[in-house]
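S.K.: Sharing a structure below in structure tokens format, with a few things to ask.
The values are calculated or read from the model by the stated rules, or taken from the named source; none is laboratory data. Because the structure is predicted, anything quoted here is derived from the model rather than measured. Glycine gets a Cβ as well: all are built from the backbone with ideal geometry, and neighbour counts include every protein chain shown. Remember, those area values only see protein heavy atoms, side chains included, never the ligands or the DNA or RNA. Shrake-Rupley method; radii C 1.70, N 1.55, O 1.52, S 1.80 Å.
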Amino acid sequence: MDFTYTEEQQAAAEAARAVFSGVAPDAVPSPALVPGAVAEDIDRPLWAGLATGDLLSLTLSPEHGGAGLDLIALCLVLRESAKVLARVPLLETCAVAMALQRYGNQKLAAELLPGVGRGELVLTVGANGRTGHDPAELAVTARLDSAANEAAGDDGSEAGWVLDGVQSAVPWAQAADWIAVPAHTGDGRAVVALVRRGHDGLSIAEQVSTSGELFGEVRLDAVRISGRELIDTAGAWEWLHALLTTGTCALALGLGEAVLAMTSEYTGKREQFGFPVATFQSVAVQAADRYIDLRAMEVTLWQAAWRIATGGSGALPPAGDVGVAKIWASDGVRRVVQTAQHLHGGFGADTDYVLHRFHAWAKQIELSLGPAAAHEEALGDLLAAHSPDLDLDLG
């Protein structure tokens, strides 16, 4: 494999740096100082800037007004967004749009995706299930609507579906125009429903994330949708989940790089006994360890993104590479911010200083889509299932 970025991918990263250069991580109240959410909406001016910079249409095909780039390009943009704690559902919107484009009804895709690229529509996805510990698709049931099915005729092209269940911690659900909801059918298939916010039977209760952002508990009570609003292709939800997980790893990497740079700057200026603390061996060793963490996070991220983007072969399915990347992302970003807090001393906890915000976002990212332990367990199951092919003795 070749991890050299293409000219188009490099251009996307440069455009992202330009758009995010004016974003202040402390533009909203500190999550440590407000009892509820830090804001009622996403950063709309930034969202408009992303649309103007063609970054929301980055992974859309040209027929939908996009550049036709891949997950690697998106991860480069997400990496830059995390460096400034960008308060926009960039990952969720792009991942759902990519899934709709790849697996969904093409007429619906033609109706929605150009608006997504122009910043007119916001998409999000419920990927945490009811509790965050069980597979998200098990939290909602999808069954055929018998009445709508009879009206659809023999081909079933407009067969309706009924959704019941709850998805918790849906990012910026109140700001989204459409919410992707994973669900399971009576025969155990995983499907993805696209539901408009405000749809009859859909309600959203406010939840506040660890980072202080406004999330939502999305409850579906006999929500009826048409057949074209349900993605029923085998593997569609697993693919979307892999996109979300890999994108989360990109966010962890960008955040960690920003925090390590912040720590390097601080320890280079902070003096004790007449010398910058960065020159002390214990400080240098801790910073070096965190640098190694970031490089491991980076290489495992690009391995996972490359497998998904190209379909490249490997000893394990792509889920194995995604799991390894998330293990490193979760553990690595936690170690980076903890070391940063330690090396900053009491100054790192000062709410007038931005580091504590990065710490809160890092904890949110660490636990999003499962902590390291959950992915270690899943990776163990995957290794056991493929042990004959790998010639491993696991037992």
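S.K.: I'd like to know if the range 79-102 contains one or more residues that are touching a His at 6+ places or on another chain (Cβ under 9 Å) and either of a type in the set (Phe, Trp, Tyr) or more than 20 Å from residue 171 (Cα to Cα) (or both).
M.R.: Yes.
S.K.: Quick one: is residue 306 of a type in the set (Phe, Trp, Tyr) and under 20 Å from residue 372 (Cα atoms)?
M.R.: In short, no.
S.K.: I'd like to know if the range 178-189 contains one or more residues that are at pLDDT below 95 and among the acidic types (Asp, Glu).
M.R.: Yes; the residues of the range 178-189 include at least one that is at pLDDT below 95 and among the acidic types (Asp, Glu).
S.K.: Taking only pairs six or more apart or across chains, which ones have beta-carbon atoms under 6 Å, a first residue in the range 377-395 that is at pLDDT 70 or above, and a second residue that is part of a helix (DSSP H, G or I)?
M.R.: Sorted first by the residue in the range 377-395, then by its partner, the pairs are 378/323; 379/323; 382/320.
S.K.: Looking only at the range 5-35, filter to residues that are outside any helix (DSSP H, G or I) and touching a Leu at 6+ places or on another chain (Cβ under 8 Å); which one of those is surrounded by the most Cβ atoms within 10 Å (Cβ to Cβ)?
M.R.: Applying the filter and picking the extreme gives 23.
S.K.: Can I ask one more? Quick check, is residue 132 on the phi > 0 side of the Ramachandran plot, at pLDDT 95 or above and not in a helix (DSSP H, G or I)?
M.R.: no
S.K.: Another question, then. Restrict the check to the range 193-207 and report whether at least one residue is without any contact (Cβ under 8 Å) to a residue 12 or more places away in the chain and part of a helix (DSSP H, G or I).
M.R.: Taking every residue of the range 193-207 in turn, none turns out to be without any contact (Cβ under 8 Å) to a residue 12 or more places away in the chain and part of a helix (DSSP H, G or I).
S.K.: For the subset of the range 273-283 comprising residues that are closer than 10 Å to residue 343 by Cβ and in contact with a Gly (Cβ under 9 Å, 6 or more places away or on another chain), which member is least open to solvent (accessible area, probe 1.4 Å)?
M.R.: The extreme case among them is 277.
S.K.: Among (1) on the phi > 0 side of the Ramachandran plot; (2) open to solvent by 10 Å² or more (accessible area, probe 1.4 Å); (3) in contact (Cβ under 8 Å) with a residue 24 or more places away in the chain, there is one condition residue 226 misses while meeting the rest; what is its number?
M.R.: With (1) on the phi > 0 side of the Ramachandran plot; (2) open to solvent by 10 Å² or more (accessible area, probe 1.4 Å); (3) in contact (Cβ under 8 Å) with a residue 24 or more places away in the chain applied to residue 226, the lone miss is (1).
S.K.: Still on this structure, please answer the following. Does the range 304-343 hold any residues that are among the basic types (Lys, Arg) and more than 25 Å from residue 354 (Cβ to Cβ), and which are they?
M.R.: Across the range 304-343, the qualifying residues are 307, 326.
S.K.: Consider residue 79 against the criteria (1) open to solvent by 20 Å² or more (accessible area, probe 1.4 Å); (2) over 14 Å from the mean Cα position of the chain (by Cα); (3) more than 20 Å from residue 210 (Cβ to Cβ): it satisfies all of them except one. Which criterion is unmet?
M.R.: The failed condition is (2).
S.K.: If I filter the range 166-192 down to residues being out of contact with any Lys or Arg (no Cβ under 8 Å at 6 or more places or on another chain) and part of a loop (DSSP other than H, G, I, E, B), which single residue comes out as most open to solvent (accessible area, probe 1.4 Å)?
M.R.: Taking the candidates together, the pick is 187.
S.K.: Here is a follow-up. For residue 352, all conditions in the list (1) modelled with pLDDT under 95; (2) open to solvent by 60 Å² or more (accessible area, probe 1.4 Å); (3) closer than 21 Å to residue 84 by Cβ; (4) in a helix (DSSP H, G or I) hold save one; what is the number of the exception?
M.R.: (4)
S.K.: Has the range 235-248 got at least one residue that is among the small types (Gly, Ala, Ser) and either free of Cβ contacts under 8 Å to residues at least 40 places away in the same chain or part of a loop (DSSP other than H, G, I, E, B) (or both)?
M.R.: Yes, there is a match, as at least one residue in the range 235-248 is among the small types (Gly, Ala, Ser) and either free of Cβ contacts under 8 Å to residues at least 40 places away in the same chain or part of a loop (DSSP other than H, G, I, E, B) (or both).
S.K.: Taking the range 284-295 only, how many residues are open to solvent by 20 Å² or more (accessible area, probe 1.4 Å) and in contact (Cβ under 8 Å) with a residue 24 or more places away in the chain?
M.R.: Going through the range 284-295 one residue at a time, the tally reaches 5.
S.K.: Only residues in the range 104-117 that are free of Cβ contacts under 8 Å to residues at least 40 places away in the same chain count as the first member; pair them with residues that are surrounded by fewer than 16 Cβ atoms within 10 Å (Cβ to Cβ) and in a helix (DSSP H, G or I), Cβ under 9 angstrom, at least 6 apart or cross-chain, and list the lot.
M.R.: Listed by first residue and then by second, the contacts come to nothing, as the list is empty.
S.K.: Could you check the range 100-124 and list, in sequence order, the residues that are in contact with a Leu (Cβ under 7 Å, 6 or more places away or on another chain), open to solvent by less than 10 Å² (accessible area, probe 1.4 Å) and within 24 Å of residue 214 (Cβ to Cβ)?
M.R.: Once the filter is applied, which keeps residues that are in contact with a Leu (Cβ under 7 Å, 6 or more places away or on another chain), open to solvent by less than 10 Å² (accessible area, probe 1.4 Å) and within 24 Å of residue 214 (Cβ to Cβ), the range 100-124 yields 115, 116.
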